[in-house]
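These notes concern the structure reproduced below.
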Amino acid sequence: MKWEFRSGIPIYSQIIDEMTMRIASGAYGPGDKLPSVRDLALEAGVNTSPRLSSSARALCIVFGFTPASR
């Protein structure tokens, strides 16, 4: 899949939007393992960074996609 990022919107936010759409569409079901931030960054063609990782994880926790504990 070719990712096309919109200017003016943080990349981490766009990755979360994409994952939200994938989950809502049923691409991932309850109990399915979600791709790591590193794997998503590779797929999207962006570099991983501490900001990307922490922001993506925090938003997934807020939306209830992943538990807060490690």
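The values are calculated or read from the model by the stated rules, or taken from the named source; none is laboratory data. For clarity, every value in this text was computed on a predicted model and none was experimentally measured. Here Cβ is always computed from backbone atoms with ideal geometry, including for glycine, and neighbour counts include all displayed protein chains. Keep in mind that these areas ignore ligands, DNA and RNA; they rest on the heavy atoms of the full protein, side chains included. Shrake-Rupley method; radii C 1.70, N 1.55, O 1.52, S 1.80 Å.
What are the pairs with Cβ atoms under 9 angstrom where one residue, in the stretch 32-45, is at positive phi and the other, located anywhere, is exposed (fewer than 13 other Cβ atoms within 10 Å of the Cβ)? Sequence gap at least six, or different chains.
GLY45/LYS2
Looking at the stretch 6-25 only, could you name the residues that are polar (S, T, N, Q) and within 17 Å of ARG51 (Cβ to Cβ)?
Just the residues of the stretch 6-25 that are polar (S, T, N, Q), to begin with: 7, 13-14, 20, 25.
Those that are polar (S, T, N, Q) and within 17 Å of ARG51 (Cβ to Cβ): SER13, GLN14.
Which of the residues belonging to the stretch 21-53 are within 21 Å of PRO67 (Cβ to Cβ) and in contact with a Phe, Trp or Tyr (Cβ under 7 Å, 6 or more places away or on another chain)?
ARG22, ILE23, LEU34, LEU52
Suppose we keep only residues that are hydrophobic (A, V, I, L, M, F, W, C) and touching a residue at least 40 places away in the same chain (Cβ under 8 Å) within the stretch 17-31. Which one would you say is least open to solvent (accessible area, probe 1.4 Å)? Write out each step before concluding.
Narrowing the stretch 17-31 to residues hydrophobic (A, V, I, L, M, F, W, C): 19, 21, 23-24, 27.
Applying the additional criterion that residues be touching a residue at least 40 places away in the same chain (Cβ under 8 Å) yields 19, 23.
On the way: MET19: 13, ILE23: 45 Å².
Among residues in the stretch 17-31 that are hydrophobic (A, V, I, L, M, F, W, C) and touching a residue at least 40 places away in the same chain (Cβ under 8 Å), the one least open to solvent (accessible area, probe 1.4 Å) is MET19.
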